[in-house]
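Trainee: Just passing along the structure, written as structure tokens.
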Amino acid sequence: MAHQRLRIDGAGTARAVKAGPEIFLRGLSGPGDAAAQAGQAMREARALLAEAGSALEHVCKVTILVTDRAWLAPVRQVVADHLGGTAAVATDLIVNGLASPEMLVAIDIDAVIPGAPA
Amino acid sequence: MIPILHRDGTLHLGGITAGAAGPGFTIEDAEKQAEAVFDALEGQLASVGCRLTDLCKITMQITDRAFRQAVYGVMGRRLAGVYPVSTGLIVKALHDPAAVFQLDAYAVPGGPHERLRKYRSTSAPYGLHRQEFVADFCMVVVAGRRIFLRGQTGLTLDRDFPSLHDVGAQARLAIGNVEKLLPEAGATLADAVAATIYVTDRAQIEPVMQGLMPTLSRHPVPHSLFVVKGLAAPEILMEIDVHAIRADAIHGDA
């Protein structure tokens with residue numbers, strides 16, 4: 001069975017790919033300030049994971065990309081609030097820019113899907 | 001930071017910095033930090049019963065090109081004989097302001113894994129030039145159904161670098177390399193699950209995406225895109241990481 005691709009857009013990008021018991025989300029963000037962008041990213045992550053039969057409690061790895069060190073603390077707080085007690089492996093990087101100048105934050109997530117065949 | 005080994009067998013290791021090795025911004029400090037990072041990596045692997053030979057992919061994140069030789073020298077010694085695939089980034093900063101080097105890694109228990117197109121850093125150019133450090137790498141790690149590729153650039157698989165100053169051509173070459181390498185691991189771009197795209201200048205985003213998307217969009221995947229300070233060599237203007245999982249090897253499928 002081919003991988004399942006969630007929410008394919010006109011540019012030929014999927015918002016997520018589900019490969020058996022794993023799901024991959026990349027480049028999540030949103031409008032507003034850094035905290036708002038992170039909040040929108042995590043809400044989208046929650047929705048995409050739910051669509052694939054997963055949830056934020058099954059997140060293994062979170063990569064947080066920010067364009068300024070000042071955004072790191074508020075963004076981490078938002079991500080932690082959404083993850084609750086889930087202990088995910090985390091990588092934070094301060095980068096020179098993201099896909100558009102308005103983007104201050106992008107979040108990548110690897111998660112598993114409980115009960116899916118391995 | 002604890003590593004996470006999920007029931008299906010991918011070991012996620014991330015954001016490893018030197019911690020107690022402390023601040024410092026000299027070459028010697030970078031070496032010390034790198035030693036401490038690889039100590040931590042070995043400790044994290046051991047804590048879940050894994051070994052260095054289970055390592056598949058490393059992403060080396062350094063804050064200044066000046067530290068590259070020192071950090072990679074340590075890496076080459078600490079991972080001698082492992083042959084991971086590697087992506088090397090020079091980034092604006094790391095979460096720990098005292099750190100000049102951070103490591104992300106993926107491992108899969110049950111190694112040693114199949115490693116295709118092994119090479120030694122001293123015998124292979126990065127962009128136009130060979131680099132001085134000694135390290136063993138490969139182009140593709142096949143760990144069961146999981147396929148990890150070296151970050152691909154405008155460097156051809158024959159180690160030529162024909163597209164100096166042409167980032168669009170570098171992007172087309174890079175995705176072309178991905179298309180050639182995946183079949184060597186029994187996969188195609190239809191097995192790709194995610195991509196990460198690095199560019200060295202915002203102005204390069206458009207030509208890079210124009211170079212990548214005609215191929216990448218045939219089997220849509222999510223991607224992350226960011227601007228870094230630099231890649232393995234100054235003339236390398238873009239890089240793409242593609243992670244794949246062979247769909248035909250997922251249990252329960254025909």
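All of the numbers you see were taken from the coordinates with simple rules; none came from a lab. From a predicted model like this one, the values you see are computed outputs, not experimental measurements. Don't worry about glycine lacking a Cβ; one is built from the backbone with ideal geometry, like all the others, and counts go over all protein chains shown.
Trainee: Could you tell me the center-to-center distance, by alpha carbons, between segment A:79-118 and segment B:83-162 in angstrom?
Mentor: A separation of 23 Å, based on Cα centres.
Trainee: For the protein assembly as shown, what is the number of Lys pairs with C-alpha distance below 23 angstrom, counting only pairs 8 or more positions apart or on separate chains?
Mentor: Lysine pair count for the protein assembly as shown: 13.
Trainee: Two decimals, Cα atoms only, Kirkwood Rh: what is Rg/Rh over chain B?
Mentor: Radius of gyration over Kirkwood radius for chain B works out to 0.95.
Trainee: If you bin every alpha carbon distance in segment B:95-153 into 5 Å steps from zero, what whole percent lands in each bin?
Mentor: Computed distribution, short to long bins: 4, 13, 20, 20, 18, 15, 10, 1.
Trainee: How far is it, in nm, from the label point at B:Asp64 to the one at B:Asp248 when both lie 7 Å from their Cα along the line to the Cβ?
Mentor: Taking the two extended label points, one gets 5.1 nm.
Trainee: In addition: At 222 nm, what helix-only mean residue ellipticity would chain A give, in deg cm²/dmol to the nearest 500, using -39500 (n - 2.57) for each DSSP H run of four or more?
Mentor: It comes out at -8500 deg cm²/dmol, rounded to the nearest 500.
Trainee: Another one. Can you put B:Val74, B:Val221 in order, fewest other beta carbons within 10 Å first?
Mentor: Fewest-to-most Cβ neighbours within 10 Å comes out as B:Val74, B:Val221.
Trainee: Quickly work out the A:Glu57-to-A:Asp33 label distance, labels modelled 7 Å from Cα along the C-beta direction, and quote it in nm with one decimal.
Mentor: Using points 7 Å along Cα→Cβ, the separation is 3.3 nm.
Trainee: Moving to a separate point now. What FRET efficiency, computed as 1/(1 + (r/R0)^6) with R0 = 25 Å and r the Cβ-Cβ distance, is obtained for B:Ala80 and B:Lys180, rounded to the nearest 0.05?
Mentor: Efficiency for this residue pair is about 0.35.
Trainee: Tell me the mean residue ellipticity at 222 nm calculated for chain B from its helices only (DSSP H runs of n ≥ 4, each -39500 (n - 2.57), averaged over every residue, nearest 500).
Mentor: -8000 deg cm²/dmol
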